[in-house]
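Remarks on the structure that follows.
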Amino acid sequence: MTRPLRGAVPHDPADDSDPADDSDPAGDRDPAAPATGVTLAGAMRRALAASVAVHGTTSPNPPVGAVVLDAAGAVVGVGATAPPGGPHAEVTALREAGPRARGGTAVVTLEPCAHHGRTPPCTEALAAAGVATVVFAVRDPHPTAGGGAAVLRAGGVAVREGVLGDEVARGPLRAWLHAVRTGRPHVTWKLAATLDGRSAAADGTSRWITGADARAEVHALRAGVDAIVVGTGTVLADDPSLTARRSDGSLHERSPLRVVVGHRDVPSGFALDAPDVLHLRTRDPDVVLAALHDRGVVDVLLEGGPRLAGAFVAARRVDRVLAYLAPALLGAGPAALHEAGVGTIADIARLQVDDVRRVGVDVLVDARPERTVNGAGPARAGSATPGSAVPGGDGSPLREGTLHEGTLRKGAV
Ligand SMILES: NC(=O)c1ccc[n+]([C@@H]2O[C@H](COP(=O)([O-])OP(=O)(O)OC[C@H]3O[C@@H](n4cnc5c(N)ncnc54)[C@H](OP(=O)(O)O)[C@@H]3O)[C@@H](O)[C@H]2O)c1
């Protein structure tokens, strides 16, 4: 049985957590709490929701959410990371809380930062506000910005970590945690295929394999990443615009960097023949990722055709697969993946499935590679757990916009 936080905080109907929910992996609540009020898990879910709302707007900084509870346990402030140069989530939540933060609890999705970057350390802001307890989900793996928990404890603030840690690490922080730990952007390969694995018809046409709902979801996905990458083959075949559009055709507020990979020119007059499109004349996925890393890109959506996708899979540079499978058959035409470096069944690129769901008429399989990290054993769904930094895989103070200073770790996985 969980103990609620102190104070009579009404359960928020928009908050899907159950006040009696025992799912909090940290396992308990403030021992001084009376029997009513929001749970730590409930407060963390509100912080998580705040971070979801800013996902895609903060790179190279992490999308963090924060909730401040007053000494009686009532929610008095909510914040999320502002675009680079703006305040961190904790600071915004503290500002909203004002003097009511004194003696209260800050619930944050990521360990508060302890270093001076473009903004002062959040640990200082929390201490100055008189917060008595800080609860966070995921430890900051960054060697410079991390360590906030120790600083807070040294200043007499009670600290709890790991509340909803796996859930938060798999959410909006996933790409950022990956980038900090590996020194590379996180790559999601999105594909649309028929049930017989074809990504285009025999004559090369591929619009539209999947239905309207799947296409709308892909546009929303685009709006949440930093860069969309295709090969010249897709450009020449489809002349895509790669913009993030709503179902009414209007553009999402935020459009990610559009990237073309390959030696051939983009013909003039094509949608991607535009000055803001980055054309990388290479065939090396690591060169692509290094160039994007230099530009502060954390989260990449790979929408290339089978050849570029094959190159990324062969190089083990795909971190997530989103396969939209249409209940349709083509029988001929290119496969969704071409030459992925698998010549024998022993080398099959196995995936583990995180989620399967229907999207309109189609089915989405959300999966990640089963692989070893630096030979340290198979990566797990919860591999982005606090403190599990890949040895030697880091080096860039991502939180303050200096992603480009990082050292790419090549050939490790
Ligand atoms: N169903 C889907 O999800 C989906 C998504 C995208 C595209 N498509 C379809 O896929 C077809 C195009 O296939 P595609 O394979 O040509 O497209 P692609 O993978 O986007 O582009 C292939 C080109 O990328 C360049 N490239 C960069 N790095 C490479 C590497 N390491 N190895 C090989 N090539 C590399 C090469 O161009 P250079 O010769 O210029 O170097 C190559 O010809 C179209 O019919 C399109 O409609 C389907």
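Could you check, for the stretch 93-114, whether at least one of its residues is at positive phi, modelled with pLDDT of 95 or more and either assigned by TED's automatic domain parsing to the domain that holds Val67 or not β-branched (Val, Ile, Thr) (or both)?
Yes, the conditions are met somewhere in the stretch 93-114.
Taking the criterion of being part of a helix (DSSP H, G or I), of a type in the set (Lys, Arg) and touching a residue at least 24 places away in the same chain (Cβ under 8 Å), would at least one residue in the stretch 197-216 satisfy it?
Checking the stretch 197-216: not a single residue is part of a helix (DSSP H, G or I), of a type in the set (Lys, Arg) and touching a residue at least 24 places away in the same chain (Cβ under 8 Å).
Scan (1) modelled with pLDDT of 85 or more; (2) β-branched (Val, Ile, Thr); (3) crowded, with 19+ Cβ neighbours inside 10 Å for the single condition Val52 breaks and write down its number.
Just one mismatch for Val52, condition (3).
With the checklist (1) farther than 18 Å from Thr234 by Cβ; (2) out of contact with any strand residue (DSSP E or B) (no Cβ under 6 Å at 6 or more places or on another chain) in hand, flag the one item Pro285 doesn't pass.
(1) is the only condition that Pro285 fails.
Taking the options Arg153, Arg160, Arg181, name whichever one is over 20 Å from the mean Cα position of the chain (by Cα) and part of a helix (DSSP H, G or I).
Arg153
Gly333 - would you say it is within 9 Å of the ligand (Cβ to nearest atom) and either among the hydrophobic types (A, V, I, L, M, F, W, C) or not in a helix (DSSP H, G or I) (or both)?
yes
State whether the residues of the stretch 305-313 include one that is near the ligand (Cβ under 8 Å from one of its atoms), on the phi > 0 side of the Ramachandran plot and small (Gly, Ala, Ser).
No, the stretch 305-313 contains no residue that is near the ligand (Cβ under 8 Å from one of its atoms), on the phi > 0 side of the Ramachandran plot and small (Gly, Ala, Ser).
Kindly provide the set of residues from the stretch 209-218 that are within 15 Å of the ligand (Cβ to nearest atom) and either out of contact with any Ser or Thr (no Cβ under 7 Å at 6 or more places or on another chain) or under 23 Å from Asn61 (Cα atoms) (or both), ordered by number.
Matches in the stretch 209-218: Thr210, Gly211, Ala214, Arg215, Glu217, Val218.
Scan the stretch 251-271 for residues that are part of a loop (DSSP other than H, G, I, E, B) and within 13 Å of the ligand (Cβ to nearest atom) and jot them down.
Gly262, His263, Arg264, Asp265, Val266, Pro267
Using the structure shown, decide if Leu325 is surrounded by 21 or more Cβ atoms within 10 Å (Cβ to Cβ), within 14 Å of the ligand (Cβ to nearest atom), assigned by TED's automatic domain parsing to the domain that holds Val342 and modelled with pLDDT of 95 or more.
yes
Please work out which residue is surrounded by the most Cβ atoms within 10 Å (Cβ to Cβ), limiting yourself to the stretch 55-92 and to residues that are hydroxyl-bearing (Ser, Thr, Tyr) and at pLDDT below 95.
In this case the residue turns out to be Ser59.
Is it the case that the stretch 272-279 has a residue that's charged (D, E, K, R), more than 9 Å from the ligand (Cβ to nearest atom), under 22 Å from Ser206 (Cα atoms) and surrounded by fewer than 18 Cβ atoms within 10 Å (Cβ to Cβ)?
yes
Can you name the residue in the stretch 283-302 that is surrounded by fewer than 19 Cβ atoms within 10 Å (Cβ to Cβ), more than 9 Å from the ligand (Cβ to nearest atom) and in contact (Cβ under 8 Å) with a residue 24 or more places away in the chain and, of all such residues, is nearest to Gly343 (Cα to Cα)?
Once the filter is applied, the top-ranked residue is Asp286.
Please go through the stretch 219-250 and pick out each residue that is more than 9 Å from the ligand (Cβ to nearest atom), assigned to a helix (DSSP H, G or I), of a type in the set (A, V, I, L, M, F, W, C) and crowded, with 17+ Cβ neighbours inside 10 Å.
Across the stretch 219-250, the qualifying residues are Leu221, Ala223.
Within the stretch 73-81, identify whether any single residue is within 23 Å of the chain's Cα centre (by Cα), among the aliphatic types (A, V, I, L, M) and assigned by TED's automatic domain parsing to the domain that holds Met44, and answer yes or no.
Scanning the stretch 73-81 turns up at least one residue that is within 23 Å of the chain's Cα centre (by Cα), among the aliphatic types (A, V, I, L, M) and assigned by TED's automatic domain parsing to the domain that holds Met44.
Yes/no per residue for (1) closer than 29 Å to Gly162 by Cβ; (2) of a type in the set (S, T, N, Q); (3) modelled with pLDDT of 95 or more; (4) not in a loop (DSSP other than H, G, I, E, B):
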{"site": "Ala340", "(1), (2), (3), (4)": "no, no, no, no"}
{"site": "Val365", "(1), (2), (3), (4)": "no, no, yes, yes"}
{"site": "Gly387", "(1), (2), (3), (4)": "yes, no, no, no"}
{"site": "Lys410", "(1), (2), (3), (4)": "no, no, no, no"}
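State which residue pairs qualify: first residue over 13 Å from Thr234 (Cβ atoms) and assigned by TED's automatic domain parsing to the domain that holds Val225 and inside the stretch 303-322, second residue within 6 Å of the ligand (Cβ to nearest atom) and assigned to a strand (DSSP E or B) in any location, beta carbons under 6 Å apart, and separation of 6 or more residues or different chains.
Sorted first by the residue in the stretch 303-322, then by its partner, the list stays empty.
Within the stretch 126-142, track down each residue that is in contact with a Gly (Cβ under 7 Å, 6 or more places away or on another chain) and part of a strand (DSSP E or B).
Those that are in contact with a Gly (Cβ under 7 Å, 6 or more places away or on another chain) and part of a strand (DSSP E or B): Ala137, Val138.
Answer yes or no as to whether Asp203 is surrounded by fewer than 21 Cβ atoms within 10 Å (Cβ to Cβ) and in contact with a strand residue (DSSP E or B) (Cβ under 6 Å, 6 or more places away or on another chain).
no
The values are calculated or read from the model by the stated rules, or taken from the named source; none is laboratory data. Quick caveat, the model's predicted, so the values are computed rather than measured. Heads up, the Cβs are rebuilt from the backbone with ideal geometry, glycines too, and the neighbour counts pull from every protein chain shown.
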